[in-house]
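Participant: Below is one structure. I have some questions about it.
The values are calculated or read from the model by the stated rules, or taken from the named source; none is laboratory data. Fair warning: this is a prediction, and the values are worked out from it, not measured in the lab. Here the Cβ is made from the backbone with ideal geometry for all residues, glycine too, and neighbour counts use every protein chain on show.
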Amino acid sequence: MMKTLFALLSGAVFGAVNVIPGVSTGTMMVVFGCYDVVCGALALDFKHIKKHLSFLVPFGIGAVAGLGGAVFAAAFLLENFPVPTFLFFIGLIAGSLPLIFKNLHLKGTPKTSHIILGGIALALVILLGLVGSDAPGTPETSIPGTPETSTPGVPYIALITTSSCAAAAAMIIPGISGAFMLLLFGTYYAITNALREFDFRIVIPACIGIAAGVVLGARGIKLLLARFYTATYSVITGLVIGSVFAIFPDNVQLDATLIIGICTFTLGAAVTLIAGKAKK
């Protein structure tokens, strides 16, 4: 029962963060200690899927439920409670660091080159966070209901498919947000609106792109973990730590919102600390 509840919770978080710009799905998989298991399944390794079926089935159910709920709830929470929402995810990351460092040492002690790789990865995520505020497709430049999103033509459908593929591949990488990639392409609001309104002219090509990106990205990560485990996890560790900077909310002030945010941070850290113990 505990394993099933853990899988449902992991899946719900996995599904929910897909629609939250700046929060990495890959990071959340590392946070909940199921990165290798989920990547193997997404890479369509059927022996792997059969071996971990008891975890993957409730994980998939949780992912669908989390995605469905987040499509409607994410915009409300980010618009009205951005500081507590993002501090909750930062708490998830902070509470997961002991488990991440443990995974890093599973197959050998990191060398100087591994530490350098982790530092480069950390710097990359910080750089992406700095660039993200001026990226095309941010709320100021991508308004729902514009002519190009309401009457999609072939070039726009191709853009939807391409951006979805890139976002899905990116979401496998800890520290990189798939939703942020959609913002860079300027298709985030078109796709999330289409999901809410069941506009299959946008949803179908987006799903095709997502399916291709997930399989390609997961197979790439699976290959790297098999051949260069410690080096790959060193990069993952840098990406995860850097993601704290990438999602840290702007304009934090000493007020009631910050107090609530400290509470949500504590809740997030407690969730992943408990999840780490459950994982043992």
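Participant: Of the numbered conditions (1) of a type in the set (Phe, Trp, Tyr); (2) at pLDDT 80 or above; (3) within 15 Å of the chain's Cα centre (by Cα), Phe180 satisfies every one except a single condition; which is it?
Facilitator: Unmet condition: (2).
Participant: Looking only at residues in region 36-60 that are touching a Phe, Trp or Tyr at 6+ places or on another chain (Cβ under 9 Å) and within 21 Å of Ala212 (Cα to Cα), which one is modelled with the highest pLDDT?
Facilitator: Looking at residues that are touching a Phe, Trp or Tyr at 6+ places or on another chain (Cβ under 9 Å) and within 21 Å of Ala212 (Cα to Cα), I get Phe59.
Here is a yes/no grid of residues against (1) assigned to a helix (DSSP H, G or I); (2) over 26 Å from Leu239 (Cβ atoms); (3) among the aromatic types (Phe, Trp, Tyr):
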{"position": "Thr4", "(1), (2), (3)": "yes, yes, no"}
{"position": "Ala7", "(1), (2), (3)": "yes, no, no"}
{"position": "Ala16", "(1), (2), (3)": "yes, no, no"}
{"position": "Val19", "(1), (2), (3)": "no, no, no"}
{"position": "Val30", "(1), (2), (3)": "yes, no, no"}
{"position": "Lys50", "(1), (2), (3)": "yes, yes, no"}
{"position": "Pro58", "(1), (2), (3)": "yes, yes, no"}
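Participant: Just give me the residues in region 48-72 being among the basic types (Lys, Arg) and in contact with a Gly (Cβ under 9 Å, 6 or more places away or on another chain), in sequence order.
Facilitator: Lys51
Participant: If the requirement is being under 12 Å from Ala167 (Cβ atoms) and hydrophobic (A, V, I, L, M, F, W, C), which of these qualifies: Ala194, Ala206, Ala190, Ala218?
Facilitator: Ala206
Per-residue answers, yes or no, for (1) in contact with a strand residue (DSSP E or B) (Cβ under 9 Å, 6 or more places away or on another chain); (2) over 13 Å from Pro84 (Cα atoms); (3) modelled with pLDDT of 80 or more:
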position	(1), (2), (3)
Ile241	no, yes, yes
Asp250	no, no, no
Asp255	no, no, yes
Ile260	no, no, yes
Thr264	no, no, yes
Ala275	no, yes, no
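Participant: Going by the conditions given, is Leu104 surrounded by 15 or more Cβ atoms within 10 Å (Cβ to Cβ), over 30 Å from Ile274 (Cα atoms) and at pLDDT below 70?
Facilitator: For Leu104, the condition - surrounded by 15 or more Cβ atoms within 10 Å (Cβ to Cβ), over 30 Å from Ile274 (Cα atoms) and at pLDDT below 70 - is not met.
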